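Below is one structure; the comments refer to it alone.
The values are calculated or read from the model by the stated rules, or taken from the named source; none is laboratory data. Computed from a prediction, not measured in an experiment: that's the story for all the values here. No Cβ is skipped: glycine too gets one built from the backbone with ideal geometry, and neighbour counts run over all protein chains shown. Heavy atoms of the whole protein, side chains included, go into the accessibility calculation; ligands, DNA and RNA do not. Shrake-Rupley method; radii C 1.70, N 1.55, O 1.52, S 1.80 Å.
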Amino acid sequence: MSTEVKITAARLHRVRMPLVHEFRTSSHRKTFLDHILVELEDASGAIGWGEIASTSDPYYAPETVETCWHVAERYLLPAVIGQVWDRPEQVSRLWAKVRGNQFAKAGVDVAAWVLWSSVCGVSLAAALGGTRTEVVAGVSLGIEPTIDDLLAEVERQTAAGYPRVKLKIAPGWDVEPVRAVRAAYPDLDLHVDANGIYTEEHLTALRALDEFGLTMIEQPFAPRALLAHARLQRTIATPVCLDESIETLDDLETALSVDALKVLNIKVSRMGGLTAARAAHDRAQQAGIPVWCGGMHEFGIGRAANVAVSSLPGFTLPSDVSASEKYYARDVIEPAVIAVRGVVQVPEATGLGHQVDTDLIAANTVATLSL
Ligand code: OSB
Ligand code: MG
């Protein structure tokens with residue numbers, strides 16, 4: 001398939017959406033999110049949307065909403081405007097000189113993939129080579145005020161049919177909440193995510209988690225601490241999953257070579273877009289490492305991209321692609337992402353596979369830029 005695309009205009013929209021339920025992790029607490037929606041337009045007037053799902057503060061990754069805006073405005077969009085390409089894989093090469101800034105890159109990369117798939121008349125999932133018609137969604141639960149609040153939240157989500165629950169943990173909120181949830185749900189697919197807050201001084205708590213039959217322990221140590229993850233994995237049966245540690249394919253290569261992971265969380269945002277996320281999937285599959293798609297509480301546009309990438313064959317574990325309604329009373333796409341008993345259908349419609357609600361976006365926009 002060869003379709004020439006020339007980007008002639010680009011727009012950024014900083015959009016603020018309230019969360020239906022406050023979310024707390026080992027590093028932050030939030031009640032609303034500001035994400036940057038990216039619009040790329042080609043010479044024929046076709047539009048592709050992407051989402052820069054950076055956190056507001058540099059506590060998950062080094063980026064913030066402001067750094068993403070700056071990098072997109074100053075470097076990424078100028079690199080793509082006026083250029084002609086015929087495959088979306090070529091777009092990230094246009095900014096090859098720009099180091100890091102994966103979240104900013106991801107939003108522009110996704111917009112290019114969405115534009116290209118809609119111009120070619122194929123779904124985003126098909127454009128990527130996805131083979132699944134539906135994907136299994138898990139939920140991610142934040143740190144709650146009390147264990148009873150947490151148990152109520154697990155009850156709500158499992159009653160809705162979600163087959164996998166991940167719990168955010170931090171020192172002081174680890175063994176006891178996990179023990180309580182495991183006692184109430186002996187067979188639940190349960191895993192924990194520390195967002196890198198532990199050090200090897202906390203080995204007692206981390207080893208104590210090994211008795212609960214968790215599907216994985218996600219990112220116990222800091223992003224660069226690959227050797228600490230490898231040492232932990234040698235002493236526990238629970239598979240170690242890496243999230244923040246893997247920003248590039250080279251990171252994945254290093255982690256594989258030192259046996260720092262048994263499972264990989266692939267985030268489109270953290271890897272800098274769909275091209276890199278798919279390459280990480282291919283490499284993990286070759287190495288025999290199961291993968292799943294992580295999320296950043298994306299609005300519908302980023303969420304739809306996560307669903308599309310989750311349709312690749314190596315995404316064998318439930319992904320963080322829970323329904324829009326878990327986070328937002330009304331989403332920026334129509335229809336919203338819907339999960340029925342924890343299963344999300346992969347859209348067959350062309351491009352993003354959803355209509356973009358430009359009225360809702362306009363009503364929630366706090367800043368815009370046209371280039
Ligand atoms: O580590 O997966 C994470 C949200 C913000 C920052 C980091 C993480 C998360 C999530 C989101 O867990 C899960 C989701 O989008 O459903
Ligand atoms: Mg994580």
Have a look at S92, S27, S44 and point out the one that is crowded, with 20+ Cβ neighbours inside 10 Å and hydroxyl-bearing (S, T, Y). S92
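Restricting the stretch 265-283 to residues that are basic (K, R) and part of a helix (DSSP H, G or I), which is surrounded by the most Cβ atoms within 10 Å (Cβ to Cβ)?
The extreme case among them is R270.
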From L371, L274, residue being among the aliphatic types (A, V, I, L, M) and farther than 16 Å from I36 by Cα: L274
Tell me which residues, restricted to the stretch 273-296, are in contact with a helix residue (DSSP H, G or I) (Cβ under 9 Å, 6 or more places away or on another chain) and within 16 Å of ligand 1 (Cβ to nearest atom). A277, A280, V291, C293, G294, G295, M296
Would you check if there is a residue in the stretch 64-74 being open to solvent by 50 Å² or more (accessible area, probe 1.4 Å), at pLDDT below 95 and not acidic (D, E)? no
Got at least one residue in the stretch 102-109 being outside any helix (DSSP H, G or I), within 16 Å of ligand 2 (Cβ to nearest atom), open to solvent by less than 50 Å² (accessible area, probe 1.4 Å) and modelled with pLDDT of 95 or more? no
Scanning the stretch 88-147 for residues that are farther than 21 Å from V337 by Cα and among the aromatic types (F, W, Y), the one nearest to ligand 1 (Cβ to nearest atom) turns out to be F103
Among residues belonging to the stretch 284-310 that are polar (S, T, N, Q) and buried (at least 24 other Cβ atoms within 10 Å of the Cβ), point out the one that is nearest to ligand 2 (Cβ to nearest atom). N306
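Which of the residues that make up the stretch 311-325 are in a helix (DSSP H, G or I) and either open to solvent by less than 10 Å² (accessible area, probe 1.4 Å) or under 13 Å from K166 (Cα atoms) (or both)?
S324
What do you reckon, is V114 of a type in the set (V, I, T), assigned by TED's automatic domain parsing to the domain that holds W49 and assigned to a loop (DSSP other than H, G, I, E, B)?
So V114 does not fit the description; no.
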(1) under 16 Å from the mean Cα position of the chain (by Cα); (2) open to solvent by 70 Å² or more (accessible area, probe 1.4 Å); (3) among the aromatic types (F, W, Y): which one isn't true of Y60, the others all being true? (2)
Candidates A152, A180, A205, filtered to the one that is open to solvent by 20 Å² or more (accessible area, probe 1.4 Å) and either free of Cβ contacts under 8 Å to residues at least 12 places away in the same chain or not assigned by TED's automatic domain parsing to the domain that holds K267 (or both): A152
For the stretch 284-297, how many residues are on the phi < 0 side of the Ramachandran plot and in a loop (DSSP other than H, G, I, E, B)? 5
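Taking the stretch 210-223, which residues are of a type outside the set (A, V, I, L, M, F, W, C) and within 16 Å of ligand 1 (Cβ to nearest atom)?
Of the residues in the stretch 210-223, the ones of a type outside the set (A, V, I, L, M, F, W, C) are 210-211, 213, 215, 218-220, 223.
Listed by number, the residues that qualify are T215, E218, Q219, P220, P223.
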